[in-house]
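Shown next, in structure tokens, is the structure this report addresses.
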Amino acid sequence: MRAVITGASAGIGRDMARLLSVRGYKLTLIARRQDRLLELADELPDCQIITADLSKPDACRQVYRLAHGADVEILINNAGFGLFGQFAETDLDTELEMIHTNIIAVHMLTKLFLRDFRTRGNGYILNVASSAGFMAGPLMATYYATKNYVLRLTQAIREELRHEGSGIQVAALCPGPVHTEFNAVAGVQFAIGGISSKMAAKCGIDGLLAGKGVIVPGAGMRLALAARHLVPESVLTRIAYHIQKRKG
């Protein structure tokens, strides 16, 4: 059994690698930072590492060519990053890199590995989205939009597989704030309390293997997302703006 994990050099991806290694999985770990991957490979047995920048579409195809195989049982699309600021002022090139990493890489790798899994009739795909995927996010507009895409794509694929009677499991992990390097990259600070990356990773893997479709770690975040149905979208977006403003 092998698990393929993108964004494996830190945070949730690194903790997922550790948890799956304990479960007996061989690992293919993908990230931009080779030094971090080598450190993790020294720690864990049976690791293949692939250094790649998933903001480049050609890199996604190369990753698939190197990583796919009959022993791959799990794909985890975890690579992603955010950017804080007014949409009119944030850097366009950085946003395009974000869209390629958060959306296009997830789309491409999900499709390519799903085709292999459908041929076999089994497999697991976990796409790391966010609680941001349930709403609009002023001051992090592009990031929130990318996670909306990941969540809705995953839900749609899951329904298609259900109608096929497929044994393949596809799920979206939608945590709230998680203590990782994300904030430093995005240029923000948490406005509300976060959970550990290890907790997020464990909830994601346990939920995926249990057959859940949308996985939201933490009772408080699940309650908050359920309560959003009680508030008009326009009001919810205004609330989101003020929460985001506190992060800057």
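Might you report the magnitude of the Cβ-based charge dipole of the stretch 47-160 about its Cα centre, with Lys and Arg at +1 and Asp and Glu at -1, to the nearest 20 debye?
480
Kindly identify the chain as rounded, prolate or oblate by the Cα gyration tensor criterion: order the square roots of the eigenvalues as a ≥ b ≥ c, call it rounded if a/c is under 1.5, otherwise compare a/b with b/c, prolate if a/b is larger, else oblate.
Since a/c reaches 1.5 and a/b is larger than b/c, the shape of the chain is classed as prolate.
Taking the Cα atoms only, what angle lies between the long axis of helix 11-22 and the longest principal axis of the chain, rounded to 10 degrees?
Approximately 30 degrees, to the nearest 10.
Please calculate the 1.4 Å probe accessible area of Y149, with all protein chains present, and give it to the nearest 10 Å².
90
Could you grab the relative contact order for the chain? Cα pairs under 8 Å, six or more apart, rounded to a whole percent.
Once normalised by length, the contact order is 19 percent.
Could you tell me whether the stretch 21-104 comes out rounded, prolate or oblate from its Cα gyration tensor? Rule is a ≥ b ≥ c as square roots of the eigenvalues, rounded for a/c under 1.5, then prolate if a/b exceeds b/c, otherwise oblate.
Prolate shape, in that a/c is at least 1.5 and a/b is the bigger ratio.
With a 10 Å radius around each residue's Cβ, average the other Cβ atoms per peptide and rank 131-140, 54-63, highest first.
Going from most to least packed, we get 131-140, 54-63.
What part of the accessible area of the stretch 1-159, given as a whole %, is carbon or sulfur when the probe is 1.4 angstrom?
50
Let a ≥ b ≥ c be the square roots of the eigenvalues of the Cα gyration tensor of the stretch 38-84; is it rounded (a/c under 1.5), or, if not, prolate (a/b larger than b/c) or oblate?
The shape class here is oblate.
Using amide H atoms built 1.01 Å from N in the peptide plane, name the residues 5+ places from V214, or on other chains, whose amide H lies under 5 Å from its own.
So V214 has HN proximity to A172.
What dipole magnitude, in Debye to the nearest 20, does the stretch 71-136 give about its Cα centre under +1 on Lys/Arg Cβ and -1 on Asp/Glu Cβ?
Taking the Cα centre of the stretch 71-136 as origin, the dipole is about 500 debye.
Could you state the angle between the C-alpha long axis of helix 57-67 and the longest principal axis of the C-alpha atoms of the chain, as a value from 0 to 90 degrees rounded to the nearest 10?
So the inclination is approximately 40 degrees.
Let me have the 222 nm mean residue ellipticity of the chain computed from DSSP H runs of 4+ only, each contributing -39500 (n - 2.57), with the sum over all residues rounded to the nearest 500.
Computed ellipticity for the chain at 222 nm equals -15500 deg cm²/dmol.
Suppose every K and R has +1 on its Cβ and every D and E has -1 on its Cβ; what is the size of the dipole of the chain about the Cα centre, in Debye to the nearest 20?
580
Can you give the accessible area per residue of the chain, in Å², using a 1.4 Å probe?
Ligands and nucleic acids excluded, the figure is 47 Å² per residue.
Compute the separation of the alpha-carbon centres of the stretch 1-31 and the stretch 54-75 and state it in Å as a whole number.
So the separation of the two Cα centres works out to 14 Å.
The values are calculated or read from the model by the stated rules, or taken from the named source; none is laboratory data. What you see is a predicted model; the values in this text were computed from it and never measured. So basically every Cβ, Gly included, is an ideal-geometry build from the backbone, and we count neighbours across all protein chains shown. Heads up: the accessible areas ignore ligands, DNA and RNA and are worked out on the full protein's heavy atoms, side chains in. Shrake-Rupley method; radii C 1.70, N 1.55, O 1.52, S 1.80 Å.
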